Each structure stands twice: as structure tokens, then as C-alpha cells.
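Beneath this line is the structure, given in C-alpha cells, with notes to follow.
The values are calculated or read from the model by the stated rules, or taken from the named source; none is laboratory data. Everything numeric here is computed off the predicted structure, so don't read it as measured data. Don't worry about glycine lacking a Cβ; one is built from the backbone with ideal geometry, like all the others, and counts go over all protein chains shown.
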Amino acid sequence: MKTYVKCWDCKLLVVAFLLLACKESSPPTNASIDPDEAYSGGSTTSFDATSRAFTFPLANITATSLAAHRAGDAVFEGTFVTPPALVNGGLGPIYNNTSCKSWHNNDGRARPPLATEQFGGLLFRVSASGSDVNGGPIPLTGFGLQIQTHAVVSTVPEMSISISYVEIPDAFADGQVYSLQKPTYTMVNPYIPVPAGAMISPRIANANFGLGLLEAVPEQTILGYADENDVNGDGISGKANYVYDQSQDKVVLGRFGWKASQPTLIQQAAAAANGDMGITSPYFPDESSKGQLQDVPAHDPEISSDQLDAIKVYLQTLAPPARRNVTDETVLRGKALFIQAQCSACHIPKMQTGSDELSELSNQTIRPYTDLLLHDMGDGLADGRPDFKASGSEWRTAPLWGIGLVQIVNGHTNFLHDGRARSLMEAVLWHSGEAEQAKQNVKKMNSDDRNALIKFLESL
Ligand SMILES: [Ca+2]
Ligand SMILES: [Ca+2]
Ligand SMILES: [Ca+2]
């Protein structure tokens with residue numbers, strides 16, 4: 001009887017073993033496909049891969065939020081004009097653009113201007129050395145914290161800026177050559193002499209989608225990725241930026257912008273209105289023109305809290321686009337190489353949002369490919385201008401979702417904080433500092449593997 005029971009056990013074991021063996025022998029590609037892989041923004045994800053891919057509201061948006069989204073879209077598209085116009089007056093006296101929309105074509109990203117073009121979509125932060133009581137940058141006397149390259153008729157722009165590029169040739173380990181272009185920015189015709197020691201930082205206008213989801217990622221999640229003293233010894237030491245929040249009058253975690261120097265979407269929008277268009281708001285009551293005439297103070301604030309809120313809701317509710325070709329064999333190989341090459345140590349593929357003021361954004365599994373932390377990217381990418389806790393060579397890990405659609409949406413493949421990279425591969429080859437090892441891993445790849453890695457990036 002005892003023996004019989006034992007034998008029965010044996011049979012079960014054999015069956016279990018066979019089942020396991022079967023599972024093992026299924027094609028390895030299937031094993032690495034995550035069934036929700038295409039859903040970059042969880043149930044908010046928009047499935048449109050046309051030139052309008054970045055312009056859609058959250059797929060799961062409620063009727064109430066949709067109405068607010070549409071109202072915000074109208075404010076976002078509004079063109080500001082010179083005072084004393086009653087509607088959207090208050091442009092300038094110095095500015096960089098006349099509407100939010102003009103820098104985010106199709107809600108996408110800008111590129112640096114060609115030699116023959118006017119500036120649009122690339123702005124320059126400036127500051128003097130040192131930091132203020134909140135750890136933030138010190139305005140440059142006469143210029144503030146941003147260069148305005150346009151002015152209304154009664155005044156003059158602060159300066160213009162010219163860009164020149166030098167080609168730096170290099171090669172992959174297999175001998176295939178490439179070249180990277182390094183930009184130099186020169187200040188031209190400043191309206192007053194530029195104070196010695198001015199620090200300048202180029203920033204390209206980035207895409208607008210998915211920002212509400214990034215705002216909904218719990219602070220503990222982001223801080224959990226930080227490893228400031230590189231305790232795990234992988235050469236990567238992400239650190240959080242802590243920046244000044246105007247409305248709370250305190251220093252909080254920064255998430256938005258190329259150096260994570262903005263804490264919230266509303267402040268990001270208000271700062272952009274002020275810096276880019278010369279629009280005062282309850283957040284930023286002073287004109288951005290520091291050394292020049294102010295425009296009619298009677299009109300302040302030139303944008304209301306309600307209008308700012310509307311812009312915020314618009315940005316909050318733009319959906320991330322779905323991935324394409326997620327089951328393609330080359331894309332899957334590229335995905336494996338992305339992890340092997342250590343890219344995913346900073347570009348974290350998947351995380352969870354917490355509970356948010358908008359139910360649509362709450363508890364979503366998102367795939368933004370960022371840790372929202374700062375990393376030292378080496379001298380090549382350094383701007384030499386600290387921004388709160390971000391040093392002159394630290395940048396926020398750029399979210400990679402939607403990156404493969406930039407060409408379709410915006411008609412170019414310029415990447416990185418100043419658009420210097422002319423392709424995704426050039427963006428990778430600029431990586432250094434904490435990402436030096438990751439870059440070396442790519443330089444050692446053969447051309448098939450490099451191609452697979454790029455195919456994966458293009459599927460994001
Ligand atoms: Ca103004
Ligand atoms: Ca300025
Ligand atoms: Ca580490």
C-alpha cells in the first residue's frame with residue numbers, strides 16, 4: 001500500500017516535470033514578450049502612429065476631463081500679442097515666442113535652427129555663479145535667468161545667439177566610422193555688455209505628452225531608484241533634484257525639464273509663459289525683462305490662474321503613444337540588448353503611478369523609460385551651469401517613450417537637450433560619465449546588434 005502511494009507520487013512528479021519541460025522548450029522570444037508591452041501609458045495609451053500621435057487626450061479620459069482638456073487646448077494654442085490688447089495681451093516686452101503651441105509643433109519636440117532660420121524651439125538659460133537661498137541659480141544682471149531673442153517694437157532683444165558645429169570623428173570597435181557634431185554657442189549683439197562669468201545652457205523644447213503620468217509617479221518610487229553613492233557598484237548613481245516650488249514656498253522634488261528643475265506641471269507652464277512670452281501670472285508676477293522697460297503694469301497678471309490651470313490640465317491629459325512592432329524579432333533582440341548594455345539602469349522601462357487628482361492617471365502601469373533622476377553624463381554633454389542640485393554635467397534621464405515617432409510627428413531626428421544628435425545612434429554615442437560603460441557596450445556591438453538596438457528604440 002505504501003509502495004503504491006509512493007508510485008502515485010512519482011507519476012505526479014513525472015507529469016509535473018513534463019509540463020515544466022514543455023514550457024522550457026517554447027520559443028525564447030515568447031518568454032520575453034510582456035502582453036501589455038505596447039501600452040506605454042497603461043490604459044491612457046493612444047493608438048495612433050501618424051503625425052498627430054502626440055496630440056490625443058488620454059484614451060480613458062472622462063467626459064469632464066475631456067471638456068477641460070479641450071478648454072486647455074484653446075489656451076495652449078492662443079497667440080499672445082502686445083499690450084494693451086484685452087485678450088491675450090501682455091506679450092513681451094522681450095520674449096522668445098508668441099504661443100505655447102508655436103514651440104511644440106503637434107505637441108512634439110523642436111530641433112535647433114538651421115543657419116538660415118530664426119530661433120524657435122531652442123532657448124538659453126543664463127545665470128551668474130553661486131546659488132540663491134533655495135539652492136537655485138542666480139539671475140544674471142540685466143538678463144535674468146533666460147535669454148530673450150525677440151522684442152516688441154518699443155524695445156530691443158537681449159541678444160541673438162549663433163550656433164556653430166565642429167565634427168568629431170570616431171569609430172565603432174568593428175571599424176565602422178561615425179562623426180558627432182559638437183555645438184558652440186556665441187552671444188551676438190547683447191543690448192548691454194554681458195557680465196563676466198555668465199553661464200549659459202541650451203534647452204530644446206520637448207514633447208508634451210505623458211506629463212500627467214510622470215507627475216503621478218509617487219515620490220518614493222523615484223527616490224527608490226536613487227543610488228547617490230553607488231552602493232551597488234554599477235558605476236551609476238542617480239540622484240534627485242530638489243527645486244523651489246513657488247506655490248508651496250519650499251524646496252521639493254524636481255521632475256520636469258532637462259535638469260528636472262521644475263517640480264510641477266503648473267509651475268512649468270507658468271515659468272514658460274513668463275520666460276518664453278513675457279507673460280506675468282500669479283506664480284511669476286514680475287516681468288522676465290530685468291534691465292529694460294516693463295510693459296503696462298496695469299495689466300498684470302497677464303495670464304490668470306484659471307488660464308494657467310487650463311494649460312496644466314491640457315498637458316496633464318495628453319496621452320503617450322503606443323509602441324509599434326513589439327513582437328518583431330529584431331525589436332525583441334534590441335530590447336534584450338538594451339537591458340544587457342545597461343541602458344535600463346537609467347531608462348527604467350516600467351513603473352506604477354500612485355493615486356492622482358485625476359482618476360484616469362491613477363494606478364497605471366506605465367513604460368516611460370526614465371528614472372526621472374539626474375546623472376553625470378560627462379564633459380561632452382556638460383553645460384557648466386548648475387540648476388539647483390543638478391551640476392554642470394548632470395541631466396535628467398530623458399524619457400524614451402514616443403521617441404521613435406519624432407520623425408513622423410516633427411520631421412526630424414534631432415535628440416538630446418540641445419538637439420545636437422542627428423540620429424538615435426548619435427544620441428547614444430554622446431553618452432559618457434555614468435553612462436560611459438553603456439556607450440562602450442554599444443561601441444563593441446556588431447552592426448546587426450546595433451541595428452537591433454536602434455529598431456527597438458524606434459519601436460518606443
Ligand atoms: Ca508682459
Ligand atoms: Ca532675460
Ligand atoms: Ca549604482
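Observations
- Look at (1) out of contact with any His (no Cβ under 8 Å at 6 or more places or on another chain); (2) closer than 22 Å to Ala38 by Cα; (3) buried (at least 16 other Cβ atoms within 10 Å of the Cβ) and you find that Thr317 fails only one, number (1).
- Those residues of region 225-258 which are outside any loop (DSSP other than H, G, I, E, B), more than 20 Å from the chain's Cα centre (by Cα) and either of a type outside the set (D, E, K, R) or closer than 30 Å to Phe119 by Cβ (or both), in sequence order: Val251
- Residue check, Phe119 modelled with pLDDT under 95, under 19 Å from Gln262 (Cβ atoms) and not in a strand (DSSP E or B): no
- Options Asn414, Asn441; residue that is touching a residue at least 60 places away in the same chain (Cβ under 8 Å), of a type in the set (S, T, N, Q) and under 17 Å from Ile236 (Cα atoms): Asn441
- Criterion: hydroxyl-bearing (Ser, Thr, Tyr), in a helix (DSSP H, G or I) and within 26 Å of the chain's Cα centre (by Cα) - qualifying residue of Ser65, Ser51: Ser65
- Members of region 212-226 that are within 16 Å of ligand 3 (Cβ to nearest atom) and either over 18 Å from Ser393 (Cβ atoms) or surrounded by 18 or more Cβ atoms within 10 Å (Cβ to Cβ) (or both): Ile222, Leu223, Gly224, Tyr225
- Ala128 fulfils the conditions (1) closer than 30 Å to Gly42 by Cβ; (2) touching a Gly at 6+ places or on another chain (Cβ under 9 Å) except for a single criterion, (1).
- Top-ranked residue in region 80-116 [being on the phi < 0 side of the Ramachandran plot and not in a loop (DSSP other than H, G, I, E, B); ranked as farthest from ligand 1 (Cβ to nearest atom)]: Asn105
- Scanning region 197-211 for residues that are assigned to a loop (DSSP other than H, G, I, E, B) and surrounded by fewer than 23 Cβ atoms within 10 Å (Cβ to Cβ) returns Gly197, Ala198, Asn206, Asn208.
- Residue selected from region 145-156 under the condition under 14 Å from Met277 (Cα atoms) and either more than 13 Å from ligand 1 (Cβ to nearest atom) or over 29 Å from the mean Cα position of the chain (by Cα) (or both), by the criterion surrounded by the fewest Cβ atoms within 10 Å (Cβ to Cβ): Val152
- Residue pairs meeting the criteria (Cβ under 6 Å; at least 6 apart or on separate chains; first in contact (Cβ under 8 Å) with a residue 12 or more places away in the chain, in region 221-236; second assigned to a loop (DSSP other than H, G, I, E, B) and basic (Lys, Arg)): none
- Whichever residue in region 179-204 is of a type in the set (Ser, Thr, Tyr) and within 26 Å of the chain's Cα centre (by Cα) and, among such residues, is farthest from His431 (Cα to Cα): Thr186
- Out of Val252, Val243, sole residue that is under 20 Å from Arg396 (Cβ atoms) and free of Cβ contacts under 8 Å to residues at least 40 places away in the same chain: Val252
- Within the option set Leu381, Leu400, Leu405, being assigned to a helix (DSSP H, G or I) and modelled with pLDDT of 95 or more holds for one residue only, Leu405.
- The set of residues from region 132-163 being assigned to a strand (DSSP E or B) and either in contact (Cβ under 8 Å) with a residue 40 or more places away in the chain or touching a Pro at 6+ places or on another chain (Cβ under 7 Å) (or both) comprises Pro137, Leu140, Gly144, Gln146, His150, Ala151, Ser160, Ile161, Ile163.
- Hits in region 303-349 (condition: more than 16 Å from ligand 3 (Cβ to nearest atom), in a loop (DSSP other than H, G, I, E, B) and over 30 Å from Val87 (Cβ atoms)): Pro320, Ala322, Arg323, Arg324, Asn325, Val326, Thr327, Asp328, Pro349
- Of everything listed in (1) among the hydrophobic types (A, V, I, L, M, F, W, C); (2) under 23 Å from the mean Cα position of the chain (by Cα); (3) assigned to a loop (DSSP other than H, G, I, E, B); (4) within 26 Å of Leu123 (Cα to Cα), the single unmet condition for Ala272 is (3).
- Checking every residue in region 168-178 against the condition of being at pLDDT 95 or above, hydroxyl-bearing (Ser, Thr, Tyr) and more than 16 Å from Pro112 (Cα to Cα) gives at least one match.
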